[in-house]
Amino acid sequence: MASGEFVLETEGLSKEFKGFFAVRDVSLRVRKGDIHALIGPNGAGKTTVFNLLTKFLTPTAGRILYKGEEITKTGPADIARKGMVRSFQISAVFPHLSLLENVRIALQRELGTSFHFWKSDDSLSALNDRAMALLEAVGLTEFRNHTAGDLPYGRKRALEIAMALACEPRLLLLDEPTAGMTHEDIVRITDLIGRVSENRTVLMVEHNLSVVSNLSNVITVLQRGEILAEGPYEEVSKMPEVISAYLGTGHG
Amino acid sequence: MIRIISLVALIIIALVAPFFFYPVFLMKALCFALFACAFNLLLGYVGLLSFGHAAFLGSAAYVTGHSMKVLGLPPELSILAGTGAAALLGLGFGWLAIRRQGIYFAMITLALSQMVFFFALQAPFTGGEDGIQAIPRGYLLGFIDLNNQLTLYYFVLAMFVFGWLVIYRTIHSPFGQVLKAIRENEPRAISLGYRTDQYKLMAFVLSAALSGMAGATKTLVFQLASLTDVHWHMSGEVVLMTLLGGMGTVFGPVVGAFLVVTIQNYLAQLGSWVTIIQGGIFVVCVLLFRRGIVGEAMALARKLRKKPEKEDAVS
């Protein structure tokens, strides 16, 4: 297969914490344009894999390739600049700033004035139109001047997605985008992810299997730090080993 | 409108103050206010608690003193030299300290500033226990006599206003916006592609340089650079001023500095009781009004207006 087909590849990725392998020999391939879900019971190593991919953890062994380029040793800020943007499991916004400012911070890097301490921040209002367009895309226009910390949980997650989109990611990495949400919020976020995944690749860690079955074309099941199965949802969800791995934790 | 009126009032008060209060007291308060504002840039807007800021105040004081007294340079160049020295020191200290967070960051800055203290104690040109005394004030730009107390006051006021404006602009700049993002959620700022260490270092150097400017100006006022300036007590005092006035507000450190200097000056006859009073105030501040005087006042004003407005305290 041509390597251009895959946006993200890992080879033998492992992470050891003092003798315990949280992730062992994971070789993952994320195809361009897919919504790829990483699932597994609690403690399967999903979040560790995610943090390895986003460079918030350093792998003990293995390689990570982004568009065929090795990024195993690249820093977390630098992979974001290459177009690989992540979200966080606990909603990560800038709580004391307004929604507009939150999105503008995500946009302002490209102005090249982020070190200019002598310049007025009025110069950032050039970004307002684009920031508003992003807020509109996630349905938050009316809250633009609210303080981000005051938003209800589901809307914070939506804001976070707007901020990630502001970086114009080729590859969007979502860490449990529906964790802790009410049913209506889940519907809204699922819909949103579906919309924003056009023209981009999404890799997400997700617990909620109905979200996964609605959104993703490929899923990878992790168990005890290793890949248990990989393939389209319909196939994987029927595999006996996957069912037994999930039954043990009460998920279904 | 209210803003403009209060600003004009502040300017008038600052201009006529030396006719009503002892000018040296005012100058001391202004120097410490600038020091606290510079410190607050780091604590209030980046979320970094440095416990070694005396090193920048003190090293600038020594460099300026040496430059005036031994090298005989004019005051403007001496202040520039002191500020530059503090900035360079800040670059080195910052480079080492920003690799760690929280208490470790504070401890590294404390350790480094203790090294500066011992250097000042031992080095041949710092005067050891005596410090550098009887530093001439000289003539600013060759013709403005700084020995005139009123002239000196306006010079110190100008230095303070300049420093304060630099800080104000920094906070309200594209750079300041990134700093606030780092303060609020550093991993998030990183994941948006910001190499946060570089921003933190830049803020650290700015804060060190402005602290140095405060120290250099103070040297001219007291004609003295001494171990007090580099002692860790000084690092603690600036924390107290900032927290008391309100960290993360642009006027808080000014209020805090004036309050602490007032307490020290007017209660000086109580001797070491001043330290106990200061400690008591600090405890009350932390227990009852954590946002500091200005922070609490602003929160109250917001409550009274009850408008869903942008929070000034952090912007």
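The table for this structure:
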quantity: Inter-site label distance for A:Met132 and A:Glu168 at 7 Å from Cα along Cβ, in nm; calculated: 2.1 nm
quantity: Segment B:200-315 - percent relative contact order, Cα under 8 Å, separation 6 or more; calculated: 24 percent
quantity: Sites matching trypsin sites (Lys or Arg not before Pro) across segment A:1-47 that sit in DSSP coil, with at most 13 neighbouring C-beta atoms within 10 Å; calculated: A:Lys18
quantity: Alpha-carbon centroid distance for the pair segment A:112-139 / segment A:183-252, whole angstrom; calculated: 35 Å
quantity: Nearest-0.05 FRET efficiency for B:Arg100 and B:Gln122, computed from C-beta distance (R0 30 Å); calculated: 0.65
quantity: Pair-distance profile P(r), taking every C-alpha pair of segment B:200-290, with 5 angstrom steps and integer %; calculated: 3, 12, 17, 26, 21, 13, 6, 2, 0
quantity: Per principal axis, descending, Cα span of segment B:53-137 in whole Å; calculated: 41, 26, 15
quantity: Percentage relative contact order, chain B, counting C-alpha pairs under 8 Å, at least six apart; calculated: 31 percent
quantity: Average other protein chain Cβ within 10 Å of Cβ, residues B:74-84; calculated: 0
quantity: Cβ crowding within 10 Å averaged over residues, with B:156-164, A:187-195, B:53-61, B:37-45 ranked highest first; calculated: B:53-61, B:37-45, B:156-164, A:187-195
quantity: Pairwise label distance in nanometres, B:Ile263 with B:Ala17, each label 7 Å out on the Cα-Cβ vector; calculated: 1.9 nm
quantity: Residue order, fewest to most surrounding Cβ atoms within 10 angstrom, among A:Arg144, B:Arg188; calculated: A:Arg144, B:Arg188
quantity: Peptide-level mean, for A:94-104, of C-beta atoms on other protein chains within 10 Å; calculated: 4
quantity: Relative contact order computed over segment A:53-188 (Cα-Cα under 8 Å; 6+ residues apart), in percent; calculated: 34 percent
quantity: Packing rank of A:221-231, B:247-257, A:207-217, where each peptide gets the mean count of other beta carbons within 10 Å, highest leading; calculated: B:247-257, A:221-231, A:207-217
quantity: Per-residue average of Cβ from other chains inside 10 Å of A:105-112; calculated: 4
quantity: Principal semi-axes in Å for segment A:198-237 [√(5λ), Cα gyration tensor, largest first]; calculated: 18, 12, 10
quantity: Span-rule helices in chain A, defined as complete DSSP H runs reaching 18 Å or more along the axis (Cα) with Kyte mean at least -1.0; calculated: A:153-166, A:183-196
quantity: Overall dimensions of segment B:84-200 as given by Cα atoms, namely Rg and Dmax in Å; calculated: 19.6, 55
quantity: Selected from B:Thr242, B:Thr151, B:Thr217 as most flexible by GNM, with chain B as the system and alpha-carbon contacts under 10 Å; calculated: B:Thr151
quantity: Rg to Rh, two decimals, where segment B:22-314 supplies the alpha carbon set and Rh follows Kirkwood; calculated: 0.97
quantity: Computed E for A:Asn217/B:Val70 - FRET, C-beta separation, R0 56 angstrom, nearest 0.05; calculated: 0.15
quantity: Value of Rg to Rh for the protein assembly as shown (Rh from inverse mean 1/r over Cα pairs, i.e. Kirkwood); calculated: 1.07
quantity: Largest-first principal axis extents of the Cα set of segment A:89-135 (Å); calculated: 34, 21, 18
quantity: Pairs from A:Lys156/A:Lys238; B:Lys69/B:Lys200; A:Lys46/A:Lys67; A:Lys18/A:Lys55; A:Lys55/A:Lys238; B:Lys180/B:Lys303 whose Cα-Cα separation, in the structure shown, is over 31 Å; calculated: A:Lys156/A:Lys238; B:Lys69/B:Lys200; A:Lys55/A:Lys238
quantity: Whichever lysines have a C-alpha closer than 19 Å to that of B:Lys28, once near sequence neighbours (fewer than 8 apart) are set aside; calculated: B:Lys218
quantity: Long-range HN-HN contacts of A:Arg86 with modeled amide H, under 5 Å; calculated: A:Leu173
quantity: Antiparallel content of DSSP bridges confined to the protein assembly as shown, in %, to 5; calculated: 60 percent
quantity: Gaussian network model of chain B, springs between alpha carbon atoms under 10 Å - residue of B:Ile108, B:Ile11, B:Ile98 with greatest fluctuation; calculated: B:Ile11
quantity: Estimated Rh, chain A: Kirkwood, alpha-carbon pairs, angstrom; calculated: 19.0 Å
quantity: Inter-label distance, nm, simple model (7 Å from Cα along the C-beta direction), A:Ser210/A:Glu234; calculated: 2.1 nm
quantity: For segment B:207-247 and segment A:3-79, distance of Cα centres in Å; calculated: 48 Å
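Quick note: the coordinates plus some simple rules give every number you see, no bench work behind them. These numbers come from a predicted model, not from an experiment. Heads up, the Cβs are rebuilt from the backbone with ideal geometry, glycines too, and the neighbour counts pull from every protein chain shown.
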